[in-house]
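Asks: Right, I'll just put the structure down here and ask away after.
The values are calculated or read from the model by the stated rules, or taken from the named source; none is laboratory data. As the structure is a prediction and not an experimental result, all values here were calculated from the model. Neighbour counts are summed over all protein chains in view; Cβ atoms, including those assigned to glycine, are modelled from backbone coordinates with ideal geometry. Accessible surface is based on the protein model in full, side chains and every heavy atom, while ligands, DNA and RNA are left aside. Shrake-Rupley method; radii C 1.70, N 1.55, O 1.52, S 1.80 Å.
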Amino acid sequence: MEDADAATLPAPPLDRLDRAELDRIHEASLHVIEDLGIQLNHERARRLFVAEGAEVHEDNVVTVPGAVIEACVERAPAQFTLHARDPDKDVTVGGDGAPIRAPAYGPPNVRTLHGGRRRARLADYERLVKLAHVEDVITCAGYNLCDPAEVDRERKHLELFERSLALTDKPVMGPTNGADRARASMDMLAITVDDPDLSVPYVTGLINTVPPRSVSTKMLGGLLTYAEHGQPPIVSSFTMAGASGPPSLAASMVQTNAENLVCIALTQLVNPGAPVVYGVPGSNVDPRHGSLAIGSPESALFVSFAAQMSRYYGLPARSGGGLTDAKTVDFQSGFESMLLQSVAEFGGVDFVLNAAGVLESYSTVSLEKFVLDCEALRYLDRFRRGYAVDEESLALDVLAGTDPAGHYLDDDGAFARADEPFYRSDLADKRSHRDWEASGSRSATQRARDRVERRLEDYERPRLDADVRRDLDAYVAAAGPATD
């Protein structure tokens, strides 16, 4: 084991705000909460705040004392363990390690190399979960990896979550859009992990606000249900600067922060100390087209903001990862995604959602891009590890044993003694042009298609006890459609 003090320095966080600027955003956010208010379209949520001295105004707009918000946020933990069916795949959300990564979330369309763009189907969902299971850099299998067209809307949460629980033993995300859906996910989870009380965090759930300054009845129902059961909601204000938020990035960030703080405070009023994640999937619109621009430099600034603001409050952070507005797997999809992945990796984000497969501003998922994004993450992980600088790695004997204008290619011993083997990509083509041309001049996307097929061939369904499988199937079969 090399001496940690002899290694290169850790990659620094990509902070863009100083302490005074963070304080200004916090104070401006409290002004929004105390004086302008947030619309909470859920009676119980309003009652919880009223009991703490809040006031309810016209259209369910609630103003809350800033001291109440601050006290609640302080109760939330800075990190927690998200447990998997396989304990070896448990992950820590928060802290100084590499971020937890989950795949695409919610795209209604699928694009494949040979089939083009079409509506997603249930078979696509199953393939995506299997890919998430076999790709080592994906550490949370997610939920709603695509939105299958043939599944009944009121039973979608049952069909998708059942497959997530059965097809992978990694940590998962679950349905949140309504208390009924959230309660069903708690029931199904309890069956699968054989823990009726859900004594530890097993599942995260995405809670989206409705900017500007509103949260829906269904999302609040999901938030409260997850918090009651000690399962961490990922609170996320999806503000689009210039559309659902002001065109000023700073003002949009204030609005985002205010919405997040109110929802985070609610989790602590329901269950003090319950885990919760501070999320910012914000971006801007392109004023030329009025279209969402998640692959923009401004989107990367929102990622950095999420990491800094979460550290300011002592909370785990969530943001997007492999985001792009490109319509297909091309150079645009690569450079936009790599920018966002890099800022998430080195900015201090703890939970990266949409880390693999995203195209077309969240509306499409590509299996080929899924594996290409995973390869990009391996590149970033290798950069994160750095290299040793000590007596052994400086290898003065190797330097002395090679003549000027010579080379080291024949010194197998030197390579064997290297502190870490050079990274070898199985997907990027490093051969000569002659060899590449002789083997068919195939593009990265074509090679990714082969990788997808190999990954799915390698997939082995994780073990699930027969009694658990029977009980889970019986629950799904007996469950009625969601009513809230």
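Asks: Assuming 0.36 nm per residue, please report the length gained on full extension of the stretch VAL200 to HIS407 beyond their Cα-Cα distance.
Replies: Contour length minus the Cα-Cα distance gives 68.9 nm.
Asks: For region 137-213, give the percent of accessible area contributed by carbon and sulfur heavy atoms, probe 1.4 Å, rounded to a whole number.
Replies: Solvent-exposed carbon and sulfur of region 137-213 make up 47 percent of the total.
Asks: Which helices, counted as full DSSP H runs in the chain, have an axial Cα extent of no less than 15 Å and a Kyte-Doolittle average of -1.0 or above?
Replies: Span-like helices here: 19-31, 122-134, 156-167, 179-193, 217-228, 249-270, 297-313, 331-347, 367-385, 466-478.
Asks: Take the Cβ-Cβ distance between LEU9 and ALA478 as r, set R0 to 56 Å, and report the resulting FRET efficiency rounded to the nearest 0.05.
Replies: After rounding, the FRET efficiency stands at 0.50.
Asks: Taking a 24 Å limit on the Cα-Cα distance, which of the listed pairs LYS170/LYS369; LYS130/LYS218; LYS130/LYS430; LYS170/LYS218; LYS327/LYS430 fall beyond it?
Replies: Those over the limit are LYS130/LYS218; LYS130/LYS430; LYS170/LYS218; LYS327/LYS430.
Asks: Measure out, as a whole number of angstrom, how far apart the alpha-carbon centroids of region 117-132 and region 1-61 sit.
Replies: 35
Asks: Under 1.5 on a/c is rounded, so check that first for region 1-152, then, if it is not, pick prolate when a/b is larger than b/c and oblate when it is not; a ≥ b ≥ c are the square roots of the alpha carbon gyration tensor eigenvalues.
Replies: oblate
Asks: Set Lys and Arg Cβ to +1 and Asp and Glu Cβ to -1, take the dipole of region 130-205 about its Cα centre, and tell me which of SER199, VAL172, LEU189 lies farthest positive.
Replies: Positive-end residue among those listed: VAL172.
Asks: Quick one: check the C-alpha center-to-center distance for region 292-339 versus region 262-282, whole angstrom.
Replies: 22
Asks: Which whole-number value in Å² is the accessible area per residue of region 255-333, probe 1.4 Å?
Replies: 26
Asks: Still on this model: Which net charge results when you count Lys and Arg as +1 and Asp and Glu as -1 among the other residues whose beta-carbon is under 14 Å from that of GLY273?
Replies: -1
Asks: Still on this structure, please answer the following. Please give the charge dipole size of region 128-259, origin at the Cα centre, charges +1 on K and R Cβ atoms and -1 on D and E Cβ atoms. Round to the nearest 20 debye.
Replies: 480
Asks: Just the accessible area per residue of region 125-202, please: how many Å² with a 1.4 Å probe?
Replies: 29
Asks: Let me ask something additional. In region 288-379, what percent of the accessible surface is made up of carbon and sulfur (1.4 Å probe, ligands and nucleic acids excluded)?
Replies: The value for region 288-379 is 64 percent carbon and sulfur by accessible area.
Asks: Of SER291, ASN257, PRO246, whose Cα points farthest to the positive end of the dipole of region 233-353 (charges on the beta-carbon: +1 Lys, Arg; -1 Asp, Glu; origin at the Cα centre)?
Replies: So the residue we want is ASN257.
Asks: Summing -39500 (n - 2.57) over the DSSP H runs of n ≥ 4 in the chain and dividing by its residue number, what mean residue ellipticity at 222 nm do you reach, to the nearest 500 deg cm²/dmol?
Replies: That calculation yields -13500 deg cm²/dmol at 222 nm.
Asks: Roughly what % of DSSP beta bridges within the chain run antiparallel, to the nearest 5?
Replies: 40
Asks: Follow-up. Suppose all protein chains stay in the model; what accessible area per residue would a 1.4 Å probe give for region 377-484, in Å²?
Replies: Per-residue value: 74 Å².
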